[in-house]
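Working notes, beginning with the structure itself.
The values are calculated or read from the model by the stated rules, or taken from the named source; none is laboratory data. Not measured: the values here are computed from a predicted model. Glycine also receives a Cβ, built like all others from the backbone with ideal geometry; neighbour counts cover every protein chain displayed. Only protein heavy atoms, including side chains, enter the accessible area calculation; ligands, DNA and RNA are left aside. Shrake-Rupley method; radii C 1.70, N 1.55, O 1.52, S 1.80 Å.
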Amino acid sequence: MFHPSDVTDFDHAVVMVRDRLDELAPHFEAQGFLLSDKSVHNLGSCNRLIALDSTYIELLGWPPGAPPARKEIADSPFGLEALVFRTYDAEATRQRLLDEGFAANPVQALTRPAMVEGKEIQASFQTVRFAEQPLPGIRMYFCQHLTPECVWTPRLMAHPNGAERIERIEVYAAEEQAVAWRLGVVADARVEEAPEGWDVVLGNLRISVIHDATALIPRLGRLILQHKDGLRELNTGL
């Protein structure tokens with residue numbers, strides 16, 4: 001699962017639940033997803049994960065009654081709100097982004113406690129975020145996993161609903177070709193024309209940028225999951 005290659009992989013999708021993680025997590029469990037235990041990051045945010053084959057979905061928020069834990073998510077809307085690409089060398093990725101003209105912040109360390117085989121260990125990550133997002137309306141960043149075993153736990157990947165992997169994520173944009181090419185540059189990925197617009201081709205899924213004349217600011221659309229019995233749209237309940 002974790003082998004550097006010439007093709008960028010998608011890492012995870014973020015579903016923003018703000019201060020309602022405890023309230024909304026049962027909505028996903030009722031659909032047949034297994035969720036990881038709630039963890040609190042060193043930066044103050046908290047999450048629960050839906051682990052899938054080579055990717056995952058992060059339910060992200062902060063403790064109820066508390067102010068937003070991190071500046072970059074303080075104004076994030078409910079629902080699918082961020083795309084996260086995988087890197088195996090955060091420093092090299094940051095330098096590539098700077099060379100491409102993007103406002104990449106210094107590499108940031110992120111940790112949280114995790115239970116693995118009955119033992120609590122520190123899950124550790126290196127992230128590359130942006131001072132200014134490459135595309136308005138879509139938050140994105142890169143993540144390097146130093147302890148992938150803390151995320152992809154086999155017992156939490158056997159979802160009763162048969163969910164296996166993310167097939168594609170849709171983005172709606174009035175200028176779909178320009179948005180797709182911009183995403184391709186950020187991700188260092190190939191872009192190709194598709195029936196409904198343009199696809200950004202990653203190693204483990206596609207981001208489909210679809211024409212929508214009303215989307216003058218690009219926005220995230222549907223997340224399509226491959227289940228054992230076919231394709232289904234993720235129902236966030238938001």
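Looking only at the range 183-234, count how many residues are in contact with a His (Cβ under 8 Å, 6 or more places away or on another chain) and within 30 Å of Leu34 (Cβ to Cβ). If you could, list the steps in order and put the result at the bottom.
We begin by selecting, within the range 183-234, every residue in contact with a His (Cβ under 8 Å, 6 or more places away or on another chain); these are 196-197.
With the extra rule that they be within 30 Å of Leu34 (Cβ to Cβ), the set shrinks to none.
Total satisfying the criteria: 0.
When restricted to residues that are assigned to a strand (DSSP E or B), within 19 Å of Trp152 (Cα to Cα), in contact with a helix residue (DSSP H, G or I) (Cβ under 9 Å, 6 or more places away or on another chain) and not polar (S, T, N, Q), the range 24-65 contains 8.
Taking each residue of the range 188-214 that is without any contact (Cβ under 8 Å) to a residue 60 or more places away in the chain and closer than 19 Å to Thr93 by Cβ and looking for partners that are part of a loop (DSSP other than H, G, I, E, B) and of a type in the set (D, E, K, R) with beta-carbon atoms closer than 8 Å, six or more apart or interchain, yields nothing.
Of all residues in the range 1-27, those that are without any contact (Cβ under 8 Å) to a residue 40 or more places away in the chain and over 20 Å from Ser76 (Cα atoms) total 3.
Does Lys38 satisfy being surrounded by fewer than 18 Cβ atoms within 10 Å (Cβ to Cβ) and within 24 Å of Glu149 (Cβ to Cβ)? Outline the logic, then answer.
Working: surrounded by fewer than 18 Cβ atoms within 10 Å (Cβ to Cβ): yes; within 24 Å of Glu149 (Cβ to Cβ): yes.
Yes, satisfied.
Evaluating Glu175 against the criteria (1) at positive phi; (2) without any contact (Cβ under 8 Å) to a residue 60 or more places away in the chain leaves one unmet condition, (1). If you go through the range 41-55, how many residues are buried (at least 20 other Cβ atoms within 10 Å of the Cβ) and at pLDDT 95 or above? Of the residues in the range 41-55, 6 are buried (at least 20 other Cβ atoms within 10 Å of the Cβ) and at pLDDT 95 or above.
Ala90 fulfils the conditions (1) open to solvent by 10 Å² or more (accessible area, probe 1.4 Å); (2) within 18 Å of the chain's Cα centre (by Cα); (3) farther than 24 Å from Leu220 by Cα; (4) modelled with pLDDT of 95 or more except for a single criterion, (1).
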